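The values are calculated or read from the model by the stated rules, or taken from the named source; none is laboratory data. The structure displayed is predicted, hence computed values, not measured ones. Every residue, glycine as well, gets a Cβ built from its backbone with ideal geometry; the counts of neighbours run over all protein chains shown.
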Amino acid sequence: MIEDAPRPAPTAAERRHFFTGLAVVLGLTACVWIGYGRAQPRYDPRHTNPGFDGAYYLDWSDSILSADDQDPRFEGAFYRAPLYPYLLSVLRGPFGAGLAAVRWIQMLAALVATGWLAHHAFRWGGPIAGIGAAVLLGGYHPWLFFSSRLLVESWAIVLLAAALPWIARHGIRWTIPVGVMMGLASLGRPNLLLVVAGWAAWAVMRGDRTRGIVLLLATVVTVLPVTAVNWHRSGRLVPISGNGGLTLYHGNGPGAEGVFKHPAGMSGDVGVQRQEATAMASRLAARALDPVDADRYWGREAVRQRVTEPIDTLRLGWNRLALLLGTREIALDEAPALDPNPWSRATFVPFALLVALAAAAAVSGKRAEIAAWSWIAIAACAATPLIFYASARYRLPFAVLLTVPAGVGMAELFKLRRAAIAVALAAFAFSLGVPWIVGLTMPHAEIWRAEQASGLARLADGALKKAATSTTPAERDRWEALAHRSLERGRETAPDDPELLGAVARLARNDGRLVEAEDAWRRAWSARDGALAARINAAVNLSAILVTSGRASAAADMMSEAVELAPLNENCWHNHIVALVAAGRPAEARRTVERAHARGIPVDPELEAELP
């Protein structure tokens with residue numbers, strides 16, 4: 001039973017002890033974070049050239065700043081939540097901030113949010129709870145990792161963290177700004193609307209219907225301009241963004257195991273994801289669909305798959321719950337576990353410790369009203385990886401908020417309460433044991449090896465690109481050494497992974513070992529169960545080697561299969577046409593050009609002019 005009585009107001013001594021301790025903890029945390037940020041350009045090959053979602057957001061920001069409305073990736077209703085690219089545009093445009101400055105601003109905002117959440121924990125459980133929450137969050141590596149990347153997570157969580165202490169205060173004057181902040185947070189991460197729904201429902205259940213309605217209205221009014229823009233641009237009702245259905249399918253389609261999974265036939269290229277998803281949905285539905293209808297198609301298919309496979313759905317739910325509570329950080333496109341920055345070792349808090357201490361808080365008996373709002377937000381944030389799939393990024397809001405009750409749990413352990421200690425030890429053991437626990441219901445070891453190999457391959461690729469643009473021999477040697485170390489680790493983990501083989505081939509090509517490069521790309525292309533994007537990349541590079549070595553017909557046949565697998569990949573079409581021309585098959589080359597034009601794929605005018 002949740003008590004309505006708040007915790008007694010802290011004494012002057014408690015406040016003094018808390019703020020003194022908080023200043024020390026935040027100061028030490030700032031030193032570590034500054035060291036990390038200063039070292040990042042030396043260790044993060046994507047520091048100035050982000051990949052995947054970071055590159056997508058950066059390109060979107062460029063499109064906004066240049067007023068370019070011709071890019072097909074950003075036409076129609078917003079495909080992704082628009083907060084971050086517009087925030088990037090404001091920082092880079094009117095304020096003239098470079099990417100390095102944007103990263104520093106994000107880290108500063110995250111540090112302030114750390115102190116803000118620590119104060120919330122102090123109000124809940126006292127000085128030790130508040131200082132403990134600051135230590136735990138400041139030392140939790142993914143919080144620093146994602147705050148220093150060009151991703152939306154940190155900003156959405158900062159807004160959520162700002163709203164959390166205010167929702168626990170009585171009065172409409174606090175509820176309205178909470179709704180505004182949560183509306184903005186949802187424009188970065190739409191799944192945070194679940195937090196608003198949970199808070200509004202709790203207010204109504206407590207008999208405060210006005211507060212619940214005002215919270216919902218303030219959130220809706222904040223989101224409404226984006227909904228109106230989407231309606232204007234597409235004529236369809238899209239509240240925030242139009243990729244929720246496909247995201248649901250990523251974690252619930254056939255063969256789902258609890259982590260991200262590309263639908264069969266999609267390349268995984270972020271830049272053409274919407275076009276691929278729309279084309280494939282239209283083909284499967286046997287009728288032309290627009291992007292909004294296509295995304296809803298994928299959502300319905302995900303639900304149908306789960307409803308028609310109830311036993312598998314129960315197994316999948318268990319996998320996701322275990323992965324949510326497991327201490328292992330599962331990569332999506334960025335891998336915190338592979339962070340090469342040496343300052344990351346100073347962020348020492350494992351997720352298992354957060355789970356253990358929060359469990360101790362749950363049995364502590366400290367259930368004042370302020371705790372109820374916190375647990376509701378934590379549960380709502382946990383729902384995202386449970387509904388979609390487990391990943392470090394999707395778990396981050398849950399993990400950050402979990403540090404608040406974890407601080408309370410730390411205070412309980414200091415009191416040597418037996419129940420809290422026993423529950424904490426059990427939760428810690430469970431979190432650490434998840435790889436063995438879920439291994440009974442999913443091929444966890446194979447998935448982890450593939451994920452790690454993929455992360456190492458991307459790290460090596462980024463390092464090779466940095467080496468190619470290095471201005472000094474020492475800098476080039478440093479990046480090449482990182483590439484070599486990453487590939488060596490990858491070979492030990494999953495030597496047949498197509499992404500890893502692609503990175504091995506690029507390193508061999510750069511070193512002049514063309515035979516080795518050809519063999520690695522051939523093996524990557526032949527890995528039928530591998531990531532399609534890596535296989536297509538291997539085919540493009542392998543075809544170039546085959547053409548230059550007089551085996552153009554073999555290249556043309558291979559690229560004929562590649563363009564069917566990735567019909568929106570411009571490089572595939574280009575290399576296919578080049579191979580057909582080199583093989584002396586001009587009629588096929590002309591037909592291929594016509595097919596490319598029919599699909600809206602641009603063809604190099606010079607190449608087209610050279611066709612006989």
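Of note:
- Test result for THR313, in a helix (DSSP H, G or I), surrounded by 21 or more Cβ atoms within 10 Å (Cβ to Cβ) and under 24 Å from the mean Cα position of the chain (by Cα): no
- Test: residue in segment 444-465 that is out of contact with any Cys (no Cβ under 9 Å at 6 or more places or on another chain), exposed (fewer than 15 other Cβ atoms within 10 Å of the Cβ), under 30 Å from GLU301 (Cβ atoms) and not basic (Lys, Arg): yes
- Qualifying residue in segment 67-81 (condition: closer than 20 Å to PRO336 by Cβ and hydroxyl-bearing (Ser, Thr, Tyr)): no
- Segment 507-535, residues that are modelled with pLDDT under 90, part of a helix (DSSP H, G or I) and among the charged types (D, E, K, R): ARG509, ARG535
- The set of residues in segment 42-71 being closer than 17 Å to THR469 by Cα and either within 17 Å of the chain's Cα centre (by Cα) or not in a helix (DSSP H, G or I) (or both) consists of ASP44, PRO45, ARG46, HIS47, THR48, ASN49, PRO50, GLY51.
- Taken together, the residues in segment 254-270 that are surrounded by fewer than 19 Cβ atoms within 10 Å (Cβ to Cβ) and within 16 Å of ASN319 (Cα to Cα) amount to 3.
- Given (1) part of a helix (DSSP H, G or I); (2) farther than 24 Å from LEU487 by Cβ, index of the condition ALA450 fails: (2)
- Test for ALA13: is it among the small types (Gly, Ala, Ser), in contact with a Ser or Thr (Cβ under 8 Å, 6 or more places away or on another chain) and not in a loop (DSSP other than H, G, I, E, B): no
- Which listed residue is of a type outside the set (Lys, Arg), surrounded by fewer than 19 Cβ atoms within 10 Å (Cβ to Cβ) and over 21 Å from ASP269 (Cα atoms), from ALA520, ALA554: ALA554
Results for (1) within 27 Å of GLY139 (Cβ to Cβ); (2) surrounded by fewer than 17 Cβ atoms within 10 Å (Cβ to Cβ); (3) modelled with pLDDT under 90; (4) among the aliphatic types (A, V, I, L, M), shown as yes or no for each residue.
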| position | (1), (2), (3), (4) |
| --- | --- |
| GLY35 | yes, yes, no, no |
| PRO41 | yes, yes, no, no |
| PRO45 | yes, no, no, no |
| GLY54 | yes, no, no, no |
| SER61 | no, no, no, no |
| GLU75 | no, yes, yes, no |
| GLY98 | no, yes, no, no |
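- Residue check, ILE437 of a type in the set (A, V, I, L, M, F, W, C), more than 22 Å from ILE131 (Cα to Cα), out of contact with any strand residue (DSSP E or B) (no Cβ under 6 Å at 6 or more places or on another chain) and surrounded by fewer than 24 Cβ atoms within 10 Å (Cβ to Cβ): yes
- Selection over segment 223-241 of residues that are in contact with a Gly (Cβ under 7 Å, 6 or more places away or on another chain) and basic (Lys, Arg) gives a count of 1.
- Contacts under 7 angstrom Cβ, first residue in segment 587-612 being surrounded by fewer than 15 Cβ atoms within 10 Å (Cβ to Cβ) and in a helix (DSSP H, G or I), partner modelled with pLDDT under 90 and not basic (Lys, Arg), 6 or more apart: HIS597/VAL603
- Summed over segment 224-236, the residues that are closer than 27 Å to TRP373 by Cβ and crowded, with 21+ Cβ neighbours inside 10 Å give a count of 1.
- Inside segment 289-341, residues that are in contact with a helix residue (DSSP H, G or I) (Cβ under 6 Å, 6 or more places away or on another chain), closer than 26 Å to GLU451 by Cβ and among the basic types (Lys, Arg) make up a count of 2.
- Matching option when the condition is within 24 Å of TRP521 (Cα to Cα) and in contact (Cβ under 8 Å) with a residue 24 or more places away in the chain, among ALA460, ALA419, ALA426: ALA460
- LEU425 being surrounded by fewer than 18 Cβ atoms within 10 Å (Cβ to Cβ) and hydrophobic (A, V, I, L, M, F, W, C): yes
- Flag if GLU499 is at pLDDT 90 or above and part of a helix (DSSP H, G or I): no
- Neighbours by Cβ (under 6 Å, 6+ apart or cross-chain): first from segment 316-333, in a helix (DSSP H, G or I); second among the charged types (D, E, K, R): none
- For VAL400, the requirement of being under 21 Å from the mean Cα position of the chain (by Cα) and either farther than 24 Å from ARG315 by Cβ or free of Cβ contacts under 8 Å to residues at least 12 places away in the same chain (or both) is met.
- Selection of segment 196-223 for residues being buried (at least 18 other Cβ atoms within 10 Å of the Cβ), of a type outside the set (Gly, Ala, Ser) and farther than 21 Å from LEU83 by Cα yields TRP199, TRP202, ARG211, VAL214.
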